[in-house]
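To keep things clear, I will list the structure first and then write my remarks on it.
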Amino acid sequence: DAIVNGQFSPSARPLALDKKRIENALVFPGNEIWWATNRDGLIRTKDGFDEALTAPASLHDNQVRSLFLDREGSVWIGTVGGLNRLSPPRVAFYGEKEGFRQGFYGKIMLDQTGGILTSDAKGDLLNENLGSLKTVATHPAKDPDQDLLGVAKDGTIWVRDSSNILFAVKSGRYLNHGFLPKERPISFIETASGEIWIGTRAGAFFRKSGSGWEAVTPAFPIANAAVMLIVQDSSKVLYVGTRNGLAVLRGGVWKTWNKRNGLPSDLISALHLDPKGRLWIGTAAGIVRMAGDSLFLLNKSHGLADEAITALAMDPQGDLWAGSNSGIFRIRHQSLEQLDQVQPIHLQVQLFNAIDGVRHPEGRPFIRALTTKDGSIWMNMLRGLARFNPATLPTNSITPETIIENVLVDGEVVADRTQITVPATASR
């Protein structure tokens, strides 16, 4: 029975518990209670809503004896038939099960309000903001295959469709901007001076002018290299990632980096500028930090979970997040700030994969990670979208207690462990 204000109140008892024998209960914030029953499995109740977890789909057995909530937010369920653990997904994953069509989730951008822009199978350009979904504009030919290249400061959305036509979407309309017919636009940037630049598959930059499009000078220095990724820092230095290396435009002069002069790989798959003006470069063989012309390589020898990097983002705490072929991993800022020290660095790395909710952990390269208003980071995966909020991830910061039970030297137990002398001849 329920006791309300010191009085038994049968009416307060959840209907889902009627005629159920309760063995144990676990109370969560927000008026949520999990009930362990004698033969009806586990029942969760909250504000009139109830849900049952039963064997064999969710539990080993329907006779639940005990419940325990650990420091990481996982619930341990002891049943007569065995032990179950329910863990909250650290990463939300959106794939075909959630209604994403193949290819759709590879083409997303953020608008000025923090809403997520996508295109759908009907050729509509959509904006999802704070749970609401609205149509921004409809492609004139209802083309479902649209690449969203970028969003200008005035809210104009630049789009390339399957016919290789470059559109500017504004005020609910697609406007054909007459891009050069033999060039394939694949990237966009609005420079610090307000110019619209378009990068092409053939490895060229074109600037929008009053009369159309003109080639940017000096010409892009990496021949036949697709302009995949573009970022610009507060000093107006432009960084361009390609499959054939990195190009940097500083003071009107291009300079390039590749495997021959410091990069671990020619394939640049991700770029991220941090608040200190440092560039983090994701490659097929690790992460590179660039400060000025100085490069620092991070790979598995430093503790990286994977070297095939697909996306990069940094949270407000300074932790670096990387998408990879093995999932998403976090590098703690404390270890990143030690990179310039003389002694060998071993990074503090935490990997999030299928166990944490990333059903398909392989990342999709060349598409920038998004950070929304609420602090959530979105990354494109090969078969879906991954979303996580670093500020709300459940973590256990308490170090487990360690007990040394025995010390052995060459298989012999050391009787006095207060002062141990190991002979030079010992090998184990």
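See the values below:
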read-out	value
Pair list, Cβ under 6 Å, 6 or more apart: region 275-288 residue small (Gly, Ala, Ser), other residue crowded, with 22+ Cβ neighbours inside 10 Å and not in a loop (DSSP other than H, G, I, E, B)	282/269; 282/270; 282/309; 282/312; 286/298
Strands (runs of 3 or more DSSP E) completely within region 5-54 that count 1 or more residues being among the hydroxyl-bearing types (Ser, Thr, Tyr) and closer than 17 Å to residue 80 by Cβ	32-37
Residue within region 245-253 that is over 26 Å from residue 319 (Cα atoms), β-branched (Val, Ile, Thr), assigned to a loop (DSSP other than H, G, I, E, B) and touching a residue at least 12 places away in the same chain (Cβ under 8 Å) present	no
Residue 346, sole failed condition from (1) over 27 Å from residue 243 (Cβ atoms); (2) free of Cβ contacts under 8 Å to residues at least 40 places away in the same chain	(2)
Residue identified as at pLDDT 90 or above, touching a strand residue (DSSP E or B) at 6+ places or on another chain (Cβ under 7 Å) and not aliphatic (A, V, I, L, M) among 58, 66, 74	66
Residues of region 163-188 satisfying the condition of being open to solvent by 70 Å² or more (accessible area, probe 1.4 Å) and in a loop (DSSP other than H, G, I, E, B)	163, 171, 181, 182, 184
Residue that is most open to solvent (accessible area, probe 1.4 Å), among those in region 1-55 that are in contact (Cβ under 8 Å) with a residue 24 or more places away in the chain and among the acidic types (Asp, Glu)	50
Among residues of region 238-256, those that are open to solvent by 10 Å² or more (accessible area, probe 1.4 Å) and either of a type in the set (A, V, I, L, M, F, W, C) or within 14 Å of residue 186 (Cα to Cα) (or both), counted	4
Residue within region 136-159 that is touching a Pro at 6+ places or on another chain (Cβ under 7 Å), at pLDDT 90 or above and either of a type in the set (Lys, Arg) or closer than 22 Å to residue 367 by Cβ (or both) present	yes
Meets criteria (open to solvent by 90 Å² or more (accessible area, probe 1.4 Å) and over 17 Å from residue 315 (Cβ atoms)) for residue 392	no
Test set (1) closer than 18 Å to residue 368 by Cβ; (2) of a type in the set (Phe, Trp, Tyr); (3) assigned to a loop (DSSP other than H, G, I, E, B) - residue 220 fails condition number	(1)
Number of positions in region 375-428 that are charged (D, E, K, R) and either in contact (Cβ under 8 Å) with a residue 60 or more places away in the chain or in contact with a Ser or Thr (Cβ under 7 Å, 6 or more places away or on another chain) (or both)	3
Residue in region 291-304 that is surrounded by the fewest Cβ atoms within 10 Å (Cβ to Cβ), counting only those that are in a strand (DSSP E or B) and free of Cβ contacts under 8 Å to residues at least 40 places away in the same chain	294
Residue in region 323-330 that is open to solvent by 70 Å² or more (accessible area, probe 1.4 Å) and charged (D, E, K, R) present	no
Region 189-215 - residue that is free of Cβ contacts under 8 Å to residues at least 24 places away in the same chain and not in a strand (DSSP E or B) and, of those, surrounded by the most Cβ atoms within 10 Å (Cβ to Cβ)	204
All positions within region 28-44 that are at negative phi and modelled with pLDDT under 90	28, 29, 32
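The values are calculated or read from the model by the stated rules, or taken from the named source; none is laboratory data. Owing to the predicted nature of the structure, the values given are computational and were not obtained by experimental measurement. Every residue, glycine among them, receives a Cβ derived from its backbone with ideal geometry; neighbour counts consider all protein chains shown. Areas reflect the complete protein model, heavy atoms only, side chains present, ligands, DNA and RNA absent. Shrake-Rupley method; radii C 1.70, N 1.55, O 1.52, S 1.80 Å.
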